[in-house]
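*Asks:* Take a look at this one; I'll ask things after.
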Amino acid sequence: MEISFKGKRILVTGAGQGIGRGIAVELWRAGANIVALSRTRSHLETLQSEYPSIDIVDVDIADWQKTREVVESLGHFDALVNNAAIAICEPFLECSASSFDKTFDVNVKAVLNISQIVARKMVENKTAGAIVNISSQASKAALKDHAIYSASKGALDALTRVMAMELGPHGIRVNCVNPTVILTEMAKAGGWNDPERGKDMKSKIPLGRFGEVSEVVNAVVFLLSEKSSMITGVELPIDGGFLAT
């Protein structure tokens, strides 16, 4: 199935590394004009050194007003991928207010903020656009030490459904994907590269392994494309069957 985004302009957040970088590169390969956004300038510069035609923007999306100003200045987009996220893993009884606020500011509030700006311009330009939010299997199943992260991704799923309902009449589709563990730097920071912890999680996945970045990327590319023109409001597990058991 050939998918082309030639002539399309797409914003990808958290694009400096990991899943976001993979998404940005694959969309670029499919002909899209990419704006890669990340908090870390050095990651973006590394990306641009390999793909000079990708535009880069650094901003801390936890800063509501600064992010509004920056995203407003970027102009109109045909599609958006809300990938940027943080994971602070603490036992439930030790979860702090600061960890909660930091997590929700990035994983939920920033998605609302950025999506509002991008979607308004889609509506103004009568663009039948597409938005994909990167959620997690943690929104659907309890994971030890993931209380705040799981809650943020559950909120993201709910936000996705309401966005799909309200933006649908404007021809804008909104979906999310819910991957299992993908061994990016963020996943490693969450301890998933620990052999014992990894073994326990893999034992609950029917396919018996963690996911690859490319497997998330392929699903996102499909959901952004016209090949999924009747799909909106879904939460797509990319989990090797974890949620089926």
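*Asks:* Given a 10 angstrom Cα cut-off, can you work out which residue in Phe104, Phe222, Phe77 is the most mobile in a GNM of the chain?
*Replies:* Comparing Phe104, Phe222, Phe77 in the GNM, the peak value goes to Phe222.
*Asks:* Identify the residues of the range 142-160 with backbone N under 17 Å of a label point that sits 7 angstrom from the Cα of Lys204 along the Cα-to-Cβ direction, or state none.
*Replies:* Under 17 Å, as judged by backbone N against the label point of Lys204, lie 142-154 of the range 142-160.
*Asks:* Rounding to the nearest 10 and keeping the result within 0 to 90°, find how far the Cα-based axis of helix 147-167 lies from the longest principal axis of the chain.
*Replies:* For 147-167 against the chain, the angle is about 30 degrees.
*Asks:* Return the distance in nm (one decimal) between the two label points of a simple spin-label model at Lys102 and Asp55, each offset 7 Å from Cα along Cα→Cβ.
*Replies:* If labels sit at Lys102 and Asp55, their model points lie 3.2 nm apart.
*Asks:* Once amide H atoms are placed 1.01 Å from N in the peptide plane, what residues at a sequence separation of 5 or more from Glu90, or on another chain, have their amide H within under 5 Å of its amide H?
*Replies:* Ala147, Ile148
*Asks:* Same structure, new question: Please list 165-178, 37-50 highest first by mean number of surrounding beta-carbon atoms within 10 Å per residue.
*Replies:* Per-residue mean Cβ counts within 10 Å order the peptides as 165-178, 37-50.
*Asks:* Here is a further query. By a straight-distance test (C-alpha under 18 Å), which aspartates and glutamates pair with Lys227 as possible cross-link partners, with residues fewer than eight away in the same chain excluded?
*Replies:* Glu2, Glu26, Asp78, Glu215, Glu235
*Asks:* Also: Between Asn193 and Gln48, take the C-beta separation as r, use R0 = 35 Å, and let me know the FRET efficiency to the nearest 0.05.
*Replies:* E(calc), rounded to 0.05, equals 0.80.
*Asks:* While we're looking at this one, here's another question. In a shell of Cβ-Cβ distance under 12 Å around Leu207, excluding Leu207 itself, what net charge do Lys and Arg (+1) and Asp and Glu (-1) give?
*Replies:* 0
*Asks:* Do any of Lys8/Lys126; Lys102/Lys153; Lys8/Lys66; Lys66/Lys102; Lys144/Lys188 go past 19 Å between their Cα atoms, and which?
*Replies:* Lys8/Lys66
*Asks:* Okay, next question. Based on the alpha-carbon set only, what is the convex hull volume of the chain divided per residue, in Å³?
*Replies:* Taking the convex hull of the Cα positions in the chain, it is 124 Å³ per residue.
*Asks:* Now, a different point. What order, most packed first, do the peptides 141-148, 191-198, 214-221 have when packing is the mean number of other Cβ atoms within 10 Å of each residue?
*Replies:* The most tightly packed comes first, giving 214-221, 141-148, 191-198.
*Asks:* With r defined as the distance between the Cβ atoms of Lys6 and Glu185 and R0 fixed at 45 Å, what FRET efficiency is calculated, to the nearest 0.05?
*Replies:* Rounded to the nearest 0.05, the efficiency is 0.90.
*Asks:* Only helical DSSP H runs with n ≥ 4 go in: add -39500 (n - 2.57) per run for the chain, normalise by residue count and round the 222 nm mean residue ellipticity to 500 deg cm²/dmol.
*Replies:* -12500 deg cm²/dmol
Values in this text are rule-based calculations from the coordinates and carry no lab data. None of these values were measured; they are calculated from a predicted model. Cβ: placed from backbone, ideal geometry, glycine included. Neighbour counts: every protein chain shown.
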